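Student: Below is a structure I'd like to ask you about.
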Amino acid sequence: MYHENLEVDAVIGDARVAIEIKSKEHIDHDDKKGVTEFAKEHPSTKQIIVSRDRISRRSGDVDLYYVTDFFKALWAGEII
């Protein structure tokens, strides 16, 4: 069950993509909890965190995007 105190900021499609938006410059393990918990109920969801961290990368099952990299990937059709 998805915990009430954990959330994601956006869900695209039928839980195809879960997006968490952070204003931080460094993403740590705790920042991934919302999308990670969401993915437990929706195992095929693509987990994404968008932030001001300038290094886009993959951390476990979560794609971490610098905000401009995220929009470039979105417009290029790479997100959905």
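No lab work stands behind these numbers, since they all come straight from the coordinates. Small disclaimer: the values here were computed from a predicted structure and weren't measured. For neighbour counting, all protein chains shown are included, and Cβ atoms are generated from backbone atoms with ideal geometry for every residue, glycine included.
Student: May I ask you to list the residues of segment 58-80 whose amide nitrogen lies under 14 Å from a point 7 Å from Cα along the Cα→beta-carbon direction of I12?
Tutor: The answer is 63-80.
Student: Would you list which aspartates and glutamates come within 15 Å of K72, measuring only between C-alpha atoms, while excluding same-chain residues fewer than 8 positions from it?
Tutor: D63
Student: Right, here's the next one. Evaluate Rg over Rh across the chain, taking Cα atoms for both radii and Kirkwood's formula for Rh.
Tutor: On the way: Rg = 11.8 Å, Rh = 12.5 Å.
Here Rg/Rh amounts to 0.94.
Student: Further, regarding this structure: Count the lysine pairs in segment 4-48 that are 8 or more places apart or on different chains: how many have C-alpha atoms under 16 angstrom apart?
Tutor: 7
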